[in-house]
1. Could you compute the FRET efficiency for residue A:182 and residue B:180, with r as their C-beta to C-beta distance and R0 at 56 Å, rounded to 0.05?
2. What distance in nm lies between label points placed 7 Å from Cα along the C-beta direction at residue B:195 and residue A:198?
3. Based on the mean of other Cβ atoms within 10 Å per residue, sort peptides B:28-34, A:55-61 so the most packed one is first.
4. How many percent of all Cα-Cα pairs in region A:46-166 sit more than 21 Å apart?
5. Averaged over peptide A:132-141, how many Cβ atoms belonging to another chain are found within 10 Å of each residue's Cβ?
6. How much length, in nm to one decimal, is gained on full extension between residue B:203 and residue B:231, taken as 0.36 nm per residue of separation minus their Cα-Cα distance?
7. Take every Cα pair under 8 Å in region A:68-222 that's 6+ residues apart, average their separations, divide by the length, and report that relative contact order as a whole percent.
8. Mind ranking B:209-221, A:132-144 by how tightly packed they are, going by the mean number of other C-beta atoms within 10 angstrom, highest first?
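Coordinate-derived values only; no laboratory data. Bear in mind that the values here come from a model prediction, so they are computed numbers and not experimental data. Using ideal geometry, Cβ is built from the backbone for each residue, glycine included, and neighbour counts are taken over all protein chains shown.
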C-alpha cells in the first residue's frame with residue numbers, strides 16, 4: 001500500500017520531469033531557430049541610419065529638385081491617365097505610379113471649374129480615377145511654370161515642408177477635335193520631406209524621401 | 001480514538017516513505033502490533049491504510065479533514081515539501097533556460113555573424129545597400145571618368161555612360177549586361193515606342209538584375225533622393241517622361257546587377 005502511494009507521487013514527479021523536458025525541447029528548438037542565418041531584412045534593419053537631423057543646404061537643394069521632378073512626373077502620369085486612346089493597362093499603371101508620389105492615396109485635391117467657380121475637395125485617388133472618365137473625347141492637361149512659392153522649412157515635427165506652384169492648362173475636345181472647354185488654373189502642391197522607414201523589396205530602409213501632399217486651387221480662369 | 005492513533009502512525013509512515021526519508025523497516029510491523037493490541041483486525045487495518053492514503057492524495061486531503069488540526073498540520077508539511085520541490089524544479093528550469101539561451105547566443109554570434117565570412121560579407125553588403133549616406137556621391141562623374149577605364153562605345157546616342165564599377169570586379173558578363181542595360185534604359189524612356197514593346201524591353205532588362213527586388217538608388221545633384229526596386233523603377237522610367245543617366249552598378253559573381261544608381265536631373 002505504501003508502494004501504491006509512492007507510485008502515485010512518483011507519477012506526479014514524472015509529470016514534472018516530462019514538462020521540464022518539453023520546455024527544454026522548446027527552448028532548444030527556439031535556440032536552433034535563432035542560430036539559423038538571419039533573414040536579409042533583419043540585417044538591413046540594423047544598419048546605420050542617416051545621422052543628420054538637419055539636412056544641409058545642398059541636400060535640401062537636391063530634394064527640391066527631386067520634388068520638382070516628381071511634380072513633372074505627376075503631370076506626365078495625368079496626361080497618360082486622361083488619354084482615352086491609351087491602353088487601360090498603361091493608364092492603370094500610371095494611376096498606381098502617380099499615387100506613389102503622394103504621402104497616401106487620401107491626400108486632398110481641390111478641383112475647380114471656370115464655368116461655376118466652385119471648388120470641390122476629393123482625394124487624389126478619386127481625382128486620378130475621374131481623369132479616366134472625363135466627359136471629353138480628348139483631354140490635354142499641361143502643367144507649366146513649376147516653381148517654389150515656399151522653400152523647404154523644418155516643421156516642429158522634424159519634417160521639412162515646401163509649397164510648389166504650378167499653372168495647369170486644361171483643354172477638352174470633342175470627337176471632332178473641337179475645343180469644348182478650356183481653363184488655366186493656378187494650383188499649389190504641398191511637399192513634405194520626411195525620413196521614412198520603407199520596405200524596398202527585401203530591404204527595409206530609413207531614408208529621407210520627398211512626397212507630395214494636398215493640391216489646392218489658387219485661381220481658375222477660362 | 002484508538003483508530004485515530006493507528007491512522008496517525010500509518011500517516012507518519014506513509015509520508016516518511018513518500019518523501020524518501022529514513023527507512024523505517026519495522027514501522028509496518030509496529031503498526032500491525034499496535035492495531036492488534038487495540039483490537040483492530042487486518043481488514044480494518046487495510047481500510048485505515050486506504051483512508052490515510054486517500055487523505056494524503058493531493059486534492060482530497062484538504063477537502064476531507066479541514067477541521068482536524070492534526071491532519072491540517074500534516075497537509076501543511078506536505079505542502080511545504082511539495083513547495084520546496086517545486087521551487088527546486090523552477091530553479092533548475094530557469095537555470096536550464098538561461099544556459100540554453102546563452103549557448104544559443106554564443107552559437108548565433110559565432111556561426112551566424114561572427115566568424116562566418118559569408119555572413120560577414122552579407123552584413124557588409126547589406127549595410128552598403130541599406131543606407132547610402134547623402135554625401136555618398138562625393139565622387140562626381142568627373143572623378144569617375146578620370147579614374148575608371150573608358151567604357152566601350154556601346155551605342156550612339158546613349159546618355160553619358162559611367163561604367164564605373166570600382167566596387168566589383170567587372171566580368172565579361174557584367175560588361176555585357178551593363179551595355180545592354182544602357183540600351184534598355186534608353187528605349188524604356190522613349191515615349192515614341194509602343195507601350196507593349198517597352199514592356200517586353202522591361203522584361204528583358206529585369207533579367208540583367210540579380211532579382212526583381214534589386215535596389216535602384218536615385219540621385220539628384222549628387223545626393224541620394226530616392227530608392228526603388230528595379231521592378232518598380234523600370235515602370236517609372238517608362239512612364240514618368242524623362243530620361244535618366246546610369247551612375248553606378250554593382251554586380252554579383254554571376255555578372256548580374258545587384259544595385260543600380262541612377263541620376264535624375
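1. Numbers: r = 45 Å, r/R0 = 0.80.
Approximately 0.80, to the nearest 0.05.
2. For the pair residue B:195/residue A:198, the computed spacing is 2.3 nm.
3. Details: B:28-34: 14.4, A:55-61: 16.3.
Those peptides, ordered most packed to least, come out A:55-61, B:28-34.
4. 50 percent
5. Partner Cβ neighbours, averaged per residue: 0.
6. Length gained between residue B:203 and residue B:231: 9.2 nm.
7. 22 percent
8. Going by the mean number of other Cβ atoms within 10 Å, highest first, we get B:209-221, A:132-144.
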